[in-house]
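The values are calculated or read from the model by the stated rules, or taken from the named source; none is laboratory data. Fair warning: this is a prediction, and the values are worked out from it, not measured in the lab. As a convention, Cβ positions derive from the backbone with ideal geometry for all residues, glycine included, and neighbour counts pool all protein chains shown. The accessibility values were calculated without ligands, DNA or RNA, using every heavy atom of the protein model including side chains. Shrake-Rupley method; radii C 1.70, N 1.55, O 1.52, S 1.80 Å.
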Amino acid sequence: MAMKHLLWACCLISMACMSSETKDRPATIAAVPGPNKVLIVYLSRTNNTKAVAEIIHKRVGGKLVPLELVTPYPENYRATVEQVAKENETGFLPPLKTKIDNIRQYDVVFVGFPTWGMQLPPPMKSFLRQYDLRGKTVIPFNSNGGYGVGSTFQTVKELCPNSTILEGFTTRGGSERDGQLLVIKDAKAQEVETDVLNWLKKIKVI
């Protein structure tokens with residue numbers, strides 16, 4: 001009887017350890033997706049997030065789609081900052097010009113965006129509200145002016161409660177406020193491509 005209790009205790013400990021390891025392990029995709037099952041949607045004002053999106057597309061294939069608005073933001077940086085701040089305060093979701101046909105055909109959806117005011121840009125909120133991504137694997141990627149992702153990745157999780165969210169990617173992009181626009185080019189682009197490749201391998205997309 002004592003031996004049975006001992007074996008049962010060992011079994012419970014083993015199961016607990018496995019559960020802990022699974023919980024601490026970063027989420028990865030179940031299987032490498034075919035290129036026809038991948039959608040890469042991105043928002044980019046200075047083309048840095050676009051550069052990252054193109055690197056991802058180069059590595060995994062799929063459909064590459066820029067997010068465009070029915071009414072684009074002003075070219076003036078300060079005017080855009082003020083408009084975005086109001087949208088965030090009121091919860092306004094700007095209408096999208098971009099339309100995705102048959103969203104159901106995609107198993108993996110990459111969503112790329114800059115950090116605006118330490119938050120997820122309203123157009124990306126519009127996309128995540130408009131399309132049903134339940135059951136899909138959603139993978140965020142980001143470029144920012146040096147202040148990090150802010151609450152952007154967390155907001156993606158909150159807006160996709162029925163999706164599998166994988167570890168996101170972030171890199172330093174431009175800073176329009178300081179007159180720095182596209183910086184992911186030449187040697188910097190090669191550096192970012194190496195980082196993206198390592199990330200894609202880590203989350204087992206390739």
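If a residue must be outside any loop (DSSP other than H, G, I, E, B) and closer than 15 Å to residue 35 by Cα, how many such residues does region 106-123 contain?
Qualifying residue count for the region: 3.
What number of residues in region 175-206 are open to solvent by less than 60 Å² (accessible area, probe 1.4 Å), more than 19 Å from residue 122 (Cα to Cα) and either touching a helix residue (DSSP H, G or I) at 6+ places or on another chain (Cβ under 8 Å) or in contact (Cβ under 8 Å) with a residue 12 or more places away in the chain (or both)?
Summing the residues that are open to solvent by less than 60 Å² (accessible area, probe 1.4 Å), more than 19 Å from residue 122 (Cα to Cα) and either touching a helix residue (DSSP H, G or I) at 6+ places or on another chain (Cβ under 8 Å) or in contact (Cβ under 8 Å) with a residue 12 or more places away in the chain (or both) in region 175-206 gives 11.
Kindly indicate whether residue 150 is touching a strand residue (DSSP E or B) at 6+ places or on another chain (Cβ under 9 Å), farther than 17 Å from residue 41 by Cβ, open to solvent by less than 70 Å² (accessible area, probe 1.4 Å) and touching a residue at least 24 places away in the same chain (Cβ under 8 Å).
It is true that residue 150 is touching a strand residue (DSSP E or B) at 6+ places or on another chain (Cβ under 9 Å), farther than 17 Å from residue 41 by Cβ, open to solvent by less than 70 Å² (accessible area, probe 1.4 Å) and touching a residue at least 24 places away in the same chain (Cβ under 8 Å).
Quick grid of which residues meet (1) open to solvent by less than 70 Å² (accessible area, probe 1.4 Å); (2) under 27 Å from residue 196 (Cβ atoms); (3) not basic (Lys, Arg):
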position	(1), (2), (3)
54	no, yes, yes
61	yes, yes, yes
78	no, no, no
89	no, no, yes
94	yes, no, yes
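Take the residues in region 131-176 that are assigned to a loop (DSSP other than H, G, I, E, B) and of a type in the set (Phe, Trp, Tyr); name whichever of them is farthest from residue 201 (Cα to Cα).
131
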